[in-house]
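One structure below.
The values are calculated or read from the model by the stated rules, or taken from the named source; none is laboratory data. As the structure is a computational prediction, the values presented were derived from the model and not from experiment. Cβ atoms come from the backbone with ideal geometry, glycine included; neighbour counts cover every protein chain shown. These area figures cover heavy atoms from the full protein model, side chains too; ligands, DNA and RNA do not enter into them. Shrake-Rupley method; radii C 1.70, N 1.55, O 1.52, S 1.80 Å.
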Amino acid sequence: MTLPGYDPAAYPPFAVTVDLVVLTLRGGELHVLLVERGAEPWRGRWALPGGFVRPDEGLDDAATRELAEETGVRDVPGHLEQLGSYGDPDRDPRMRVVSVAYLALAPDLPEPQAGTDAAQAAWVPVSDAQRRPLAFDHDRVLADGLERARAKLEYSPLAAAFCRPEFTVADLRQVYEAVWGRALDPRNFHRKVTGVPGLLVETGRTRTEGRGRPATLYRPGDVGRLHPPITRD
């Protein structure tokens, strides 16, 4: 369709990309999926997976495709949402690029396999990733993704997705500690999570570990939003 009086060449061209902050727990520690760039710009620098949106695809489709092409991860069964948009004029030395970032949170994600222009792909502990100078403005994107994930645990039942189908309060606390990056008082945490209506459902079974007392096993409830929230303070 041609619009009368409209000339696309009269406007400066720019590109749209997608970037993904993909988080999972491995060995009780929060990890982020990173790729080593195999091409310029920033060749040899670690970055979040992502790439250019094709003219014939939507943003969600581009995010799914780029994740599969660069890392081999083809299915994120957990939580996926748009995180934000990043459009500083000098964020990419090639041209003006606006990026739409996504946040993915999922348990039991597979080992990545590098592809397309990624030299390698790896799960990296978040504490290590934050000490690396990432390509483009991905340090900022990662920081934003971490803060969003930490806030999600305050107001949503997302943490239970990282546990086994039946879990103890201690199991759930370990998820919160890994994502929030700090130890929590066991008694205070137990009081908070058992005080949220609909968050946990008792299974009628227990589990004993070591010489401790049997711990009640729970399964996730059907609550959509935590009230009261489980705050970090």
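Out of the DSSP beta bridges found with both residues in the chain, what percent are antiparallel (nearest 5)?
75 percent
Compute the helix-to-body angle for 169-180: its Cα long axis versus the longest principal axis of the chain, expressed 0 to 90° and rounded to tens.
Roughly 30 degrees, rounded to the nearest 10.
Quickly rank 204-211, 111-118 as a protection proxy: mean count of other C-beta atoms within 10 Å, highest first.
Highest mean packing first, the order is 111-118, 204-211.
How much mean residue ellipticity at 222 nm does the chain get from its helices, if each DSSP H run of length 4 or more adds -39500 (n - 2.57) and you divide by all residues, to the nearest 500 deg cm²/dmol?
Value at 222 nm, helices only, nearest 500: -7500 deg cm²/dmol.
Taking H as built 1.01 Å from N, whose amide H comes closer than 5 Å to the amide H of Val22, not counting residues under 5 places away?
Leu33, Ala104
What ranking of Phe189, Phe52, Phe162, Phe14 comes out by heavy-atom accessible area, probe 1.4 Å, highest first?
Of Phe189, Phe52, Phe162, Phe14, the descending order of accessible area is Phe14, Phe52, Phe162, Phe189.
What's the FRET efficiency of Arg219 with Glu69 using the Cβ-Cβ distance as r and R₀ = 25 Å, to the nearest 0.05?
Result of the calculation: an efficiency of 0.10.
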